[in-house]
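Student: Dropping the structure in here first, questions after.
Since every read-out is calculated from the coordinates, none of them should be taken as a lab result. Quick caveat, the model's predicted, so the values are computed rather than measured. Don't worry about glycine lacking a Cβ; one is built from the backbone with ideal geometry, like all the others, and counts go over all protein chains shown.
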Amino acid sequence: MKVAILGAGLSGLSCAKHLEDNNIKPVIFERRHRVGERFPNMEAVMQLMHRPIIDPVVYVNKKYGLNLLPSGITHSLEIYSPNYKAVFTGFNLGYTSIRGHDDRSWECQLARQITAQIHYNSTVTWQELEKDFDWIVVATGDPAISRELGVWKTDTEAFLKGCIVKGKFDIGVAKIWLNNKLSKNCMVYSAPFSTSEASYCTVAIPSSPEELDKLWSRTVEELNIEPVPKTEFKFEEYKMGRVKSRQVGKILLTGAAGGFVEPFMGFGQIPSILSGIYAAESIITGKDYNKMTAWFNKHYDNSLILREYANTMDNDKFDKLISLLNLPLFSNLAANTNLPVLGIAAKAVQFMNFIKKPITQKR
Ligand SMILES: Cc1cc2nc3c(=O)[nH]c(=O)nc-3n(C[C@H](O)[C@H](O)[C@H](O)COP(=O)(O)OP(=O)(O)OC[C@H]3O[C@@H](n4cnc5c(N)ncnc54)[C@H](O)[C@@H]3O)c2cc1C
């Protein structure tokens with residue numbers, strides 16, 4: 001069986017690993033000159049986002065033999081609104097992971113676990129691969145090919161700007177600021193690389209590039225941070241959406257290309273990794289890839305409800321939310337139980353009719 005994978009990121013490499021474990025050696029085509037050339041950045045995996053899976057890093061290791069070493073275990077999440085602060089503490093709220101060209105990044109770790117050849121600086125298209133391969137796994141991290149195939153629908157777009165900051169950090173503490181002065185309808189986050197370095201990033205929805213620059217300048221000023229020179233990065237129009245079908249003929253759409261990024265917080269690492277594994281599994285067993293990945297649809301829909309609600313939030317509402325979250329009942333529910341808190345929150349938002357038009361999804 002001949003399998004081509006377009007993209008050597010999280011979903012493509014996870015797919016390659018699972019194929020190799022089952023004696024299929026794929027051929028990987030990567031547009032950049034190495035794995036993880038993207039700017040170095042800290043990303044988060046929050047257990048909250050993956051329930052009922054309790055610990056996704058342990059899960060993918062035990063079930064699929066994928067070794068992902070996080071850079072830290074998050075034991076405290078601090079959320080700031082303009083006037084309030086909520087702190088969630090728990091034994092293991094989630095992880096931080098390094099992304100990009102750092103050798104410790106998750107994509108570099110995955111690349112070391114496979115033996116398949118990666119063709120770098122590739123400009124090959126899926127159309128060119130069609131005649132030589134039985135399967136083409138699209139793992140390009142963006143919806144360009146899904147759009148070409150006519151199956152993509154964008155639900156929201158984020159603009160991101162961030163940098164690395166030097167200072168004194170607790171590796172177990174991640175921080176989020178909900179404040180429309182700093183990040184329109186979304187958040188600023190910080191996650192430590194080590195005890196002396198952290199990533200800071202402003203995420204705004206929706207915004208123009210100019211507005212993002214202003215929000216970022218205010219973030220730098222108000223949080224009193226000093227960006228390390230040449231570490232600033234900017235990401236415009238990061239598209240989150242869904243596809244009508246994740247399989248089009250012999251093409252399987254994985255990761256961000258297959259709509260595996262949840263639109264509320266923009267988290268997509270674990271769904272992307274799982275989608276790569278499921279694509280491999282579908283190739284190996286002949287099982288229906290759309291059915292295998294249907295679990296993500298409900299999660300995505302709940303997340304979209306929360307995103308639409310977040311888009312209506314002003315700073316007063318952020319203050320109210322944070323004072324509510326600070327009640328022991330809520331923080332305990334989120335940090336110390338395995339309740340699907342996001343699903344419950346989405347139901348509550350719908351029930352209270354915060355959003356006027358209910359979301360009806362047709363896939
Ligand atoms: C700034 C930022 C912060 C984020 N923070 C978080 C977070 O905190 N937590 C979280 O869970 N998620 C986060 N995400 C989302 C997460 O990074 C993505 O969901 C995940 O990386 C998607 O994996 P992927 O395999 O689809 O794409 P990627 O891992 O991005 O890999 C795609 C690969 O395909 C290559 N490629 C692109 N086009 C082609 C082509 N035509 N041919 C060949 N190769 C190609 C690229 O060069 C790249 O190597 C964040 C995203 C961004 C941008």
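Student: If you restrict to DSSP beta bridges whose two residues both lie in segment 3-305, what percentage is antiparallel, to the nearest 5?
Tutor: Here the antiparallel bridges make up roughly 70 percent for segment 3-305.
Student: May I pose another question? Among Pro328, Pro227, Pro271, whose mean-square fluctuation peaks in a Gaussian network model of the chain (Cα, cutoff 10 Å)?
Tutor: Ranking Pro328, Pro227, Pro271 by mean-square fluctuation puts Pro328 first.
Student: Let me ask you something else. In a GNM of the chain with a 10 Å cut-off on Cα contacts, which of Glu43, Glu107, Glu226 has the highest mean-square fluctuation?
Tutor: Result: Glu226 has the largest fluctuation of those listed.
Student: How big, in percent, is the set of alpha carbon pairs in segment 94-205 lying more than 24 Å apart?
Tutor: 50
Student: Between Ala279, Ala139, Ala111, which gets the highest mean-square fluctuation from a Gaussian network model of the chain, Cα cutoff 10 Å?
Tutor: Ala111
Student: On a 18 Å Cα-Cα criterion, which of the cross-link pairs Lys63/Lys244; Lys161/Lys184; Lys25/Lys244 come out too long?
Tutor: Correct reply: Lys63/Lys244; Lys25/Lys244.
Student: Which value in Å does the Kirkwood hydrodynamic radius of the chain take, with 1/r averaged over all unlike C-alpha pairs and then inverted?
Tutor: Every distinct Cα pair counted, the radius reaches 20.9 Å.
Student: Rounded to the nearest 20 debye, what is the charge dipole size of segment 3-305 about its Cα centre when +1 sits on each Lys and Arg Cβ and -1 on each Asp and Glu Cβ?
Tutor: Dipole magnitude for segment 3-305 comes out near 400 debye.
Student: When you count, for each residue, the other Cβ atoms within 10 Å and take the mean per peptide, how do 238-247, 59-68 rank with the highest first?
Tutor: Ranking the peptides 238-247, 59-68 by packing returns 238-247, 59-68.
Student: I've got another one for you. From largest to smallest, what semi-axes in whole angstrom does segment 174-256 give when each is the square root of 5 times an eigenvalue of its alpha carbon gyration tensor?
Tutor: Result for segment 174-256: semi-axes of 30, 17, 12 Å.
Student: Which one of Asn83, Val27, Asn121 has its Cα pushed farthest toward the positive end of the charge dipole of segment 1-129, where Lys and Arg give +1 and Asp and Glu give -1 at the Cβ?
Tutor: Val27
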